[in-house]
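Following: one structure in structure tokens, then a few remarks.
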Amino acid sequence: MKVVIIGGVAGGMSAATRLRRLDEDAEIIVFDKGPYVSFANCGLPFYLSGEISNHADLVVQTPEKLQQRFNLDVRPNHEVTQILPDSHEVIVRYAGQLTRESYDRLILAPGAQPIMPDLPGIADAKNIYALRSIPDLDQIMTGIQAESTQRVLVVGGGFIGLEVAENLVLSGLKVTVVEQAPHMLPPLDTEMAAFVETELVRNGVRVITGQAVASFEDAGTVAVLADGTRLATDLTIMAVGVRPASQLARAAGLRLGFHDGIVVDQQYQTSVPDIYAVGDAIVVQQQVTNKPTLIPLASPANRQGRQVADNIVGLPHPNRGSLGTAIVRAFKLTAAATGLSEYQAQQAGLTYRVVHVRGGSHAGYFPGSTPLTLKLVFNPDSGEIYGAQGVGEQGVDKRIDILATAIKGDLTIDDLPELELTYAPPFGSAKDPVNMLGYVAMNVAEGLSKTIQWHQLPAALAAGRQVLDVRDTDELADGEFKRARNIPLNQLRQRLTELDPTQPYVVSCFSGQRSYIAERLLRQHGFDVVNLDGAFALYHAVRPQDLIYQR
């Protein structure tokens, strides 16, 4: 069997090496149009600051080593220009010459290409780049090391944009990030992204949201926003997203689907016999909604490369869909997400509820614990977990990994308290924040707690509710809700007569735990009360302008 693979890196090289482990006799040829067939594209931003200091560390494998270990015929700088399905051939350009190569099976792993908007003035600019490959990185490094480069504009506030912004700041440059969406990190919901925006500003990044770059002037040294704002920039990095590199597939007559992604079945076979596809270029099923989507991430691409090799040799390992689990570091803060956001659940028309939990990275009494905030999106009727998000300095990664595993394993909110997670004071808490998410979600699903979200508070107050703040008096120095009533939780039972039984309340504390206790107390005494989910800490993160601060 002769297998030709177009594209290396995650999907293509995973397919090639797995295929060799399964079939020693197969002839395997990998064509890649770039000079590097196996490199750490996720590590590229960290070279900008020198955190990854050795350029060679970005190259995972060379053609020579792949030949020695796996007997793979890996050909860098070979661009496949055409697929001929009828004759089972591809046309390849190398060093200006065109040749033909036959195949029995063809695997497409072309990846995704960065979106470069066709904006006025962009064609005349020599200082605008995208970061997708090592050659891209080398060009950017030349630009930022120039003595004249002081100000850098990053267009796009997604995961890559934030990594680039952080590392440029760490290299000593002044950085502005422009994001067209209403908030940074669009895959996260507004209140969770607010923590990240605060961290960026704290570290000197100028953040502009709700704006798009409309044009460039003066050979790319001035970016003009849609509202007319002019930003001087010595160098601009476009990080507005990627699109499937599906041009070859289209020209060969393969069926394309969602946003021009290549359509494959569960065995990764395309609409054309003997042609398969994996990685960032293919349409996948979002596992929660079962709807087609694109998830250009390294982990799914590696898994798909392995599975397509299995399927080609007759091992039935189907594609079971993807969640889109992702994580990013922004200076001292980590933000991660898996599954559906609240916005996506709403857009999908799902019945859902949301809870937030604030906990510690490990036991609060053990030195070094830092706070983290988790958000869970779930079905209150079935208990199905739709998605989760987390933000904090430490421990966010393992909590989101646990929740991603829970979704993959079809666990429900009832199962989260049952998870027996490792506990010792330096590592966690006896009731881990993941366990607490389950408890809080169950309280909501079972009607033991009635909650409102941060964005619902203004309407609740306008409808006549009053905030009952059960924090201790000394905590009010951090900020107060307008026209709120303060009775510390430990005094509430003794001071019930001070409350108007006809007045509906929104009860809040700092994180939501004490306010839940207050809610249960008040409801059992006949009061109309709802709990502000996430409480003061969450509201302060997203709407600090609505609070009163002591002078």
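Output the Cα-based Rg and Dmax of segment 1-48 in Å, rounding Rg to one decimal and Dmax to a whole number.
12.7, 43
What residues have an amide H closer than 5 Å to that of residue 130, excluding those fewer than 5 places away on the same chain, when H is modeled at 1.01 Å from N in the peptide plane?
Excluding prolines and chain starts, which carry no amide H, the hits are 238.
Pop out the ³J(HN,Hα) list for segment 233-249 in order, Karplus 6.51 cos²θ - 1.76 cosθ + 1.60 with θ = phi - 60°, rounded to Hz; leave Gly and Pro as x.
For segment 233-249, the Karplus curve yields 8, 8, 7, 10, 10, 8, 9, 8, x, 10, 10, x, 7, 10, 4, 4, 4 Hz.
Using only the Cα atoms of segment 416-482, what semi-axes does the equivalent ellipsoid have when each is the square root of 5 times a gyration tensor eigenvalue? Give whole Å, largest first. If you can, show how the numbers build up before the last one.
On the way: eigenvalues 189, 73, 15 Å².
The answer is 31, 19, 9 Å, longest axis first.
Would you mind checking the tilt of helix 433-445 against the longest principal axis of the Cα atoms of the chain, expressed as 0 to 90 degrees and rounded to 10?
So the helix axis and the longest Cα principal axis differ by about 60 degrees.
What order do 105, 306 take when sorted by accessible area (1.4 Å probe), most exposed first? Write out the running numbers ahead of the final one.
Numbers: 105 70, 306 110 Å².
In descending accessible area the options line up as 306, 105.
Pull up all non-local amide H partners of residue 113: gap of 5 or more, or a different chain, and H-to-H distance under 5 Å with H placed in the peptide plane.
243, 245
If contacts are Cα pairs under 8 angstrom and at least 6 residues apart, what is the relative contact order of segment 310-426 in percent? Write out the running numbers ahead of the final one.
Values: 206 pairs, mean separation 28.7, N = 117.
Reported relative contact order: 25 percent.
Show that you can apply the helix-only estimate: for the chain, add -39,500 (n - 2.57) for every DSSP H stretch of four or more residues, divide by all residues, and state [θ] at 222 nm to the nearest 500. Kindly include the intermediate steps, with their values, before the conclusion.
Numbers: 15 runs with 144 residues, N = 551.
It comes out at -7500 deg cm²/dmol, rounded to the nearest 500.
Quick check on packing: order 296-302, 487-493, 530-536 by the mean number of other C-beta atoms within 10 Å, highest mean leading. Spell out each step's value before the answer.
Details: 296-302: 19.7, 487-493: 15.9, 530-536: 25.6.
Top of the packing list down: 530-536, 296-302, 487-493.
Mind listing the phi-derived Karplus ³J(HN,Hα) values for segment 402-414, rounded to whole Hz, using 6.51, -1.76 and 1.60 with θ = phi - 60°, and x for any glycine or proline?
Coupling constants for segment 402-414: 4, 5, 5, 5, 4, 5, 4, x, 6, 6, 10, 4, 5 Hz.
With N residues in segment 302-412, what two-decimal value do you get for its Cα radius of gyration over 2.2 N^0.38 Å? Kindly include the intermediate steps, with their values, before the conclusion.
Working: Rg = 16.7 Å, N = 111, 2.2 N^0.38 = 13.2 Å.
Relative to the 2.2 N^0.38 Å estimate, segment 302-412 comes out at 1.27.
Pull up all non-local amide H partners of residue 355: gap of 5 or more, or a different chain, and H-to-H distance under 5 Å with H placed in the peptide plane.
Here 376 satisfy the definition.
Any idea what angle helix 134-144 forms with the longest principal axis of the chain, computed on alpha-carbon atoms, 0 to 90 degrees, nearest 10?
Computed tilt is about 60 degrees.
Highest mean first, how do 189-196, 287-294, 333-340, 369-376 rank when packing is the count of other Cβ atoms within 10 Å averaged over residues?
Numbers: 189-196: 23.8, 287-294: 16.8, 333-340: 25.6, 369-376: 22.0.
Peptide ranking by packing, descending: 333-340, 189-196, 369-376, 287-294.
For residue 55 and residue 24, compute 0.36 nm times the residue count separating them, minus their Cα-Cα distance, and round to one decimal in nm. Before the final figure, lay out the partial values.
On the way: separation 31, 0.36 × 31 = 11.16 nm, distance 3.31 nm.
Here the segment from residue 55 to residue 24 would lengthen by 7.9 nm.
Taking segment 1-138 as the region of interest, what is the percent of Cα-Cα pairs per 10 angstrom bin, listed from the shortest bin to the one with the maximum distance?
11, 36, 33, 16, 5, 0
Find the centroid of the Cα atoms in segment 535-551 and in segment 90-135, then give the distance between the two in whole Å.
If we compute the Cα centre of each part, the gap is 48 Å.
Please compute the alpha carbon radius of gyration of segment 271-323, then divide it by the globular-protein estimate 2.2 N^0.38 Å. Two decimals is fine.
Values: Rg = 11.1 Å, N = 53, 2.2 N^0.38 = 9.9 Å.
Compared with the compact-globule rule of thumb, segment 271-323 sits at 1.11.
Over all alpha-carbon pairs in segment 328-476, figure out the percentage whose distance exceeds 25 Å.
In whole percent, the long-distance tail amounts to 33.
Quick one: putting +1 on the C-beta of Lys and Arg, -1 on the C-beta of Asp and Glu, what dipole do you get for segment 1-129 around its Cα centre, in Debye to the nearest 20? Before the final figure, lay out each step's value.
Values: 12 positive and 16 negative charges, 29 e Å.
I would put it at about 140 debye.
Tilt of helix 298-312 relative to the longest C-alpha principal axis of the chain, in degrees (0 to 90, nearest 10)?
50 degrees
First obtain the Kirkwood hydrodynamic radius of the chain from its Cα pairs, then insert it into the Stokes-Einstein equation at 4 °C and 1.567 mPa s, and state the resulting D in µm² per second as a whole number. Before the final figure, lay out each step's value.
On the way: Rh = 25.9 Å.
Stokes-Einstein gives a translational diffusion coefficient of 50 µm²/s.
Just to compare against my own numbers: the Cα pair-distance distribution for segment 176-225, 10 Å bins, whole % per bin, please.
For segment 176-225, the binned pair fractions read 25, 46, 23, 5 percent.
The values are calculated or read from the model by the stated rules, or taken from the named source; none is laboratory data. All figures in this text were calculated on a predicted structure; none of them were measured in a lab. Every residue, glycine as well, gets a Cβ built from its backbone with ideal geometry; the counts of neighbours run over all protein chains shown. Please note that ligands, DNA and RNA were not included when accessible areas were found on the heavy atoms of the full protein model with its side chains. Shrake-Rupley method; radii C 1.70, N 1.55, O 1.52, S 1.80 Å.
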